[in-house]
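Notes follow once the structure below has been shown.
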Amino acid sequence: MSDAQVLHFFGGKGGVGKSTLAASYALELADNAPKEKVLLVSLDPTRSLSDLVKKKLPAKPTKLVAGKGEGGLYAAELEPAALLKAFAARYVPALEKAAGKGTVLTEEDLGKLFAQAVPGLEELVGLFQVLEFLEGKEFDRVVVDTSPTSHTLRLFDLPQGLRKFLGIVKVGAEKAASGGKGKKEAAPAEGSFLDEVAAKAERLLALIKDGTRSAFHLVALAEPVPEAQTRMYFAQLRERAIPVAEILVNQVEEKGGCPACQGRRGLQAPHVRKFQGLDKAVPVQLIAKRELAPRGLDGLKEFAGQWMGGKETKALEFSAAEGPPALVRAPSMPPIAAPPLPPTRLIFFVGQGGVGKSSCAAAAAVTLTEKEGPVLLISTDPAHSLSDVLQSRLTDTETQVKGTKGLYARELDVNGWFNALRKRLKEKAEKAFEGAPKAGGDVPADLAALRNLLECAPPGIDEFAALSCLTDALVQERFKRIVVDPAPMINSMRVVELADTAKTWLGALHAIVAKYKSKGLGELADDVAAMLKHVQRFEQALATPTESRFVVVTRGEDLAASRTERLVEYLQAKKLHVERVLVNRVGPKSTCPKCENRRKLELNAAKVIEKKIGLPVTMAPALGRHPAGLRELKAFRTAWYALSAPVKIKAA
């Protein structure tokens, strides 16, 4: 532990144990420096910290462990929506007032356009709060439990995106203040507040990138998909100049035990070696898998002492001879066969990160193709896994999977799609400003805004790509089924939330540009209207059970019940049809006490989920290794079974 670093991020793919390690690290920091005030804060909306410490944490920091004087460990689960509300109360009026009159658009039009860029800033405002805690000396150290991979990378990009957006706003503000003749200060109230926001974004970015003051602890599992995503995450952090302090490989199997125990450990060996080869200057720590995961402050404190004592890594080191065993065949199907998936066009396999939804989605798609005909399997998760699962190199083009007669797969290139959209909208906006300066200080304010239209859109609008591509596939009717592997659900499903945000933004944008069709904005207005129809078609599909259903994938772990319950409640509140819950990777019966105990814990967790949620529960078995390739995926799918026999409904 470095005494110089004041900000610690714990990040990684969902399900790798970020919250447990972040909480344990914070406890150890507070224990080593009892006079210091250490804050443990969660930006992950799943509210994992409350479940972990067995205490409902408020949005304001509350003391968990007393130190000396005011020192000790404090914790909070920030409520970004509440923070954004207070922020937006000043931010939106400032944007509207800063908007200057353009060549085509009025000040009111530009103000409305700028005000649409607020949804999606919730987590950035949460990080602003963390910055204020440190700058105001309210806390000496802050440990942040982040959201899963793609969500956090987008969050780290927001300060730069916000800076660019405020630069566009400033162009109009300066022109309005000078009457279009030169640069002058914007009106003091709104100008100073927007400058303050821009400066805060700059300071936050500088702090995150300063390896002497902040540290990023990259948490991973020694499994195929988490390993691929961790390597991608590592590269993306490097690209953003965010230093990685260490790689923490969690849940490593201990040496010894039955052949199955040794097999599980052997599966982890090649992945650990790849982590160790990423960068020799970045240490790799190995953390043992506990049969009972640490819960409560006492359990976390004990775990922290064992992990950070430095002995575990040495005891868990892999020998050169350790490696993956041969595939263990799927166990014979139990008496209660899993019911077939109902005839619906879109099937979403949703869940938190690390539960195996990509494998389950791929296995279902393989089976459906054999039984029913053409199926499209599409990943809309920016951190794709399907290529690894199918053992096939996938691109953003629908590609027929080798060895199948009708399975097509696609890994959506969100950035490529978004850049193409940006270029198209920019070209259509330019047509209304023929003869206007293209660069320099004389560019009209409305041209600057429309040329950079997607920078003026709500953050996260790039995921409009997923919504648009799914709607295209649905409308074309080339495929009988469309199986979707989306980004991990946190407390909501991004593509569903985006439909609301995009509809509001596109509706406001269309209302603005449609007024000026005769002034050259006709093509842009038509394009926006077409996108708005796409959103409405997608919403219609989601609300119709014959078109869309959801399978919630989870694991048989004690924390899974409450998290799965919240996900199901969210989907049902949105009036989306949840087909079933799929509990993945349940171990077979065993004479090994360790393996059998693990299986019983998984079954008990599955029963709790079924009782709490009241939906059918399907079980998917743990194989000798993670299923990959058509043969293994098919064997995996045919071994799914129901936890309980379906209730027979008597005819009236």
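The values are calculated or read from the model by the stated rules, or taken from the named source; none is laboratory data. Just so it is clear, the model here is predicted, and its values are computed rather than measured. Cβ atoms come from the backbone with ideal geometry, glycine included; neighbour counts cover every protein chain shown. With ligands, DNA and RNA removed, areas are computed over all heavy atoms of the protein, side chains included. Shrake-Rupley method; radii C 1.70, N 1.55, O 1.52, S 1.80 Å.
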Do the conditions hold for A508, that is, is it of a type outside the set (K, R), in contact with a helix residue (DSSP H, G or I) (Cβ under 7 Å, 6 or more places away or on another chain), free of Cβ contacts under 8 Å to residues at least 40 places away in the same chain and surrounded by fewer than 22 Cβ atoms within 10 Å (Cβ to Cβ)?
no
I'm checking my understanding of the structure. Among residues of region 111-159 that are among the β-branched types (V, I, T) and not in a strand (DSSP E or B), which one is nearest to A86 (Cα to Cα)?
V125
Yes/no for S319 being of a type in the set (S, T, Y), closer than 30 Å to E254 by Cα and under 27 Å from the mean Cα position of the chain (by Cα)
no
Evaluate the following for L248: is it in contact (Cβ under 8 Å) with a residue 60 or more places away in the chain, aliphatic (A, V, I, L, M), closer than 27 Å to K600 by Cα and out of contact with any Phe, Trp or Tyr (no Cβ under 7 Å at 6 or more places or on another chain)?
no
Residue within region 63-73 that is more than 21 Å from L29 (Cα to Cα) and open to solvent by 20 Å² or more (accessible area, probe 1.4 Å) present
no
For region 53-75, state whether one or more residues are part of a loop (DSSP other than H, G, I, E, B), under 27 Å from the mean Cα position of the chain (by Cα) and under 30 Å from M232 (Cβ atoms).
no
Is one or more of the residues making up region 382-391 farther than 30 Å from G102 by Cβ, touching a Phe, Trp or Tyr at 6+ places or on another chain (Cβ under 9 Å) and modelled with pLDDT of 90 or more?
no
Checking E602, E579 in turn, the sole residue that is open to solvent by 10 Å² or more (accessible area, probe 1.4 Å) and not in a strand (DSSP E or B) turns out to be E602
Hey, V552 hits all of (1) open to solvent by 20 Å² or more (accessible area, probe 1.4 Å); (2) at pLDDT 90 or above; (3) under 24 Å from G14 (Cβ atoms) but one; which does it fall short on?
(1)
Restricting to region 24-51, give me the number of residues that are open to solvent by less than 20 Å² (accessible area, probe 1.4 Å) and under 20 Å from the mean Cα position of the chain (by Cα).
8
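Return a yes/no flag: does region 584-594 have any residue that is more than 24 Å from Q268 (Cβ to Cβ) and aliphatic (A, V, I, L, M).
no
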Here the qualifying pairs (Cβ atoms under 6 Å; residues six or more apart or on different chains; first in region 251-268 and within 10 Å of F318 (Cα to Cα); second part of a loop (DSSP other than H, G, I, E, B)) come out as R265/E253; G266/E322; G266/G323; G266/P324; G266/P325; Q268/A222
Residue hits (region 298-316; in contact with a helix residue (DSSP H, G or I) (Cβ under 9 Å, 6 or more places away or on another chain), in contact (Cβ under 8 Å) with a residue 24 or more places away in the chain and open to solvent by 50 Å² or more (accessible area, probe 1.4 Å)) are K301, M308
Any chance G256 is under 15 Å from F10 (Cα atoms), surrounded by fewer than 17 Cβ atoms within 10 Å (Cβ to Cβ) and at pLDDT 85 or above:
no
Residue pairs meeting the criteria (Cβ under 7 Å; at least 6 apart or on separate chains; first outside any helix (DSSP H, G or I), in region 535-552; second hydroxyl-bearing (S, T, Y)):
P545/T344; T546/T344; E547/T344; S548/T344; R549/T344; V552/T564
Apart from one, (1) in contact (Cβ under 8 Å) with a residue 12 or more places away in the chain; (2) more than 25 Å from the chain's Cα centre (by Cα) all hold for K574; the odd one out is (2)
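Would region 465-477 turn up any residue that is assigned to a loop (DSSP other than H, G, I, E, B), among the hydrophobic types (A, V, I, L, M, F, W, C) and over 29 Å from G11 (Cβ atoms)?
Scanning region 465-477 turns up no residue that is assigned to a loop (DSSP other than H, G, I, E, B), among the hydrophobic types (A, V, I, L, M, F, W, C) and over 29 Å from G11 (Cβ atoms).
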If you go through region 182-191 one residue at a time, do you hit one that is surrounded by 22 or more Cβ atoms within 10 Å (Cβ to Cβ), closer than 28 Å to P34 by Cα, modelled with pLDDT under 90 and of a type outside the set (D, E, K, R)?
no
Of the residues in region 364-392, those that are surrounded by fewer than 22 Cβ atoms within 10 Å (Cβ to Cβ) and in a helix (DSSP H, G or I) come to T367, E370, K371, E372, S387, D388
Mind listing whichever residues of region 393-404 are under 24 Å from the mean Cα position of the chain (by Cα) and among the polar types (S, T, N, Q)?
T395, T397
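Pick from P61, P45: which is at pLDDT below 85 and out of contact with any Asp or Glu (no Cβ under 6 Å at 6 or more places or on another chain)?
P45
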For region 278-292, which residues satisfy the criterion of being open to solvent by less than 50 Å² (accessible area, probe 1.4 Å) and of a type in the set (G, A, S)?
A288
Within region 410-430, identify whether any single residue is farther than 25 Å from G14 by Cα and in a loop (DSSP other than H, G, I, E, B), and answer yes or no.
no
